[in-house]
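Novice: Submitted below is the structure of interest, expressed as structure tokens.
The values are calculated or read from the model by the stated rules, or taken from the named source; none is laboratory data. Owing to the predicted nature of the structure, the values given are computational and were not obtained by experimental measurement. Here the Cβ positions follow ideal geometry from the backbone for every residue, glycine too, while neighbour counts run over all protein chains shown.
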Ligand SMILES: CC(C)(COP(=O)(O)OP(=O)(O)OC[C@H]1O[C@@H](n2cnc3c(N)ncnc32)[C@H](O)[C@@H]1OP(=O)(O)O)[C@@H](O)C(=O)NCCC(=O)NCCS
């Protein structure tokens, strides 16, 4: 997974603590930064498609994988995001529909300082305010760092699954 993000890498020494960092809902002005961070999280995706998706979402279009997005900013400079959808069903969750974390990313120079946790907290507050009882998430089976970060933020592992498909000609 690519973790560096040209144009979004503030100097590490700036992050003495979280004083200048906050989390807010995505705004139209975040479109380019959000698309770039999503491209860094999903390098296999087409960057142009991600930018078009971001532009459409901030213009008010709906996306199947994003109900609400949160941006972590340092003095209004984007340094992380969390995409939350509301899935009809999610493996390992008891309730339906259920909020689900579709993307969670912090630029490498700002990791380990509580930014990811602040994004999770924003997703929790959004979900609690809408009377949801739980939040689902997933991670690749090899992504031990992500698993541990999830667990440190209060998530418990529920299932390991194998996805399959059969293409129909
Ligand atoms: C996962 C990610 C979003 C976490 O963001 P972050 O800002 O570093 O997280 P925080 O600093 O808020 O840490 C939250 C908790 O997780 C723990 N944690 C974070 N990264 C960890 C790691 N690599 N290993 C173990 N624990 C970790 C922290 O110690 C903290 O727990 P604590 O407060 O009890 O010490 C970030 O590391 C990232 O963007 N990773 C690459 C992309 C990715 O894998 N995203 C998840 C895809 S499902």
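Novice: Select from region 107-148 the residues that are within 8 Å of the ligand (Cβ to nearest atom), closer than 15 Å to residue 81 by Cβ and assigned to a helix (DSSP H, G or I) and list them in ascending order.
Specialist: If the condition is that a residue be within 8 Å of the ligand (Cβ to nearest atom), closer than 15 Å to residue 81 by Cβ and assigned to a helix (DSSP H, G or I), then 108, 110, 115, 116, 117, 118, 119, 120, 146 are the ones that fit.
Novice: Before we move on, is residue 54 under 16 Å from the mean Cα position of the chain (by Cα), crowded, with 18+ Cβ neighbours inside 10 Å and either at positive phi or in contact (Cβ under 8 Å) with a residue 60 or more places away in the chain (or both)? Spell out the reasoning first.
Specialist: On the way: under 16 Å from the mean Cα position of the chain (by Cα): yes; crowded, with 18+ Cβ neighbours inside 10 Å: yes; either at positive phi or in contact (Cβ under 8 Å) with a residue 60 or more places away in the chain (or both): no.
It is false that residue 54 is under 16 Å from the mean Cα position of the chain (by Cα), crowded, with 18+ Cβ neighbours inside 10 Å and either at positive phi or in contact (Cβ under 8 Å) with a residue 60 or more places away in the chain (or both).
Novice: What is the number of the single condition among (1) without any contact (Cβ under 8 Å) to a residue 24 or more places away in the chain; (2) within 12 Å of the ligand (Cβ to nearest atom) that residue 81 does not meet?
Specialist: Of (1) without any contact (Cβ under 8 Å) to a residue 24 or more places away in the chain; (2) within 12 Å of the ligand (Cβ to nearest atom), only one is false for residue 81: (1).
Novice: Please count how many residues of region 108-138 are more than 13 Å from residue 68 (Cβ to Cβ) and surrounded by 17 or more Cβ atoms within 10 Å (Cβ to Cβ).
Specialist: The qualifying residues number 11.
Novice: With the condition kept exactly as written, say whether any residue in region 62-69 is modelled with pLDDT of 95 or more, out of contact with any strand residue (DSSP E or B) (no Cβ under 6 Å at 6 or more places or on another chain) and assigned to a strand (DSSP E or B).
Specialist: Within region 62-69, one or more residues are modelled with pLDDT of 95 or more, out of contact with any strand residue (DSSP E or B) (no Cβ under 6 Å at 6 or more places or on another chain) and assigned to a strand (DSSP E or B).
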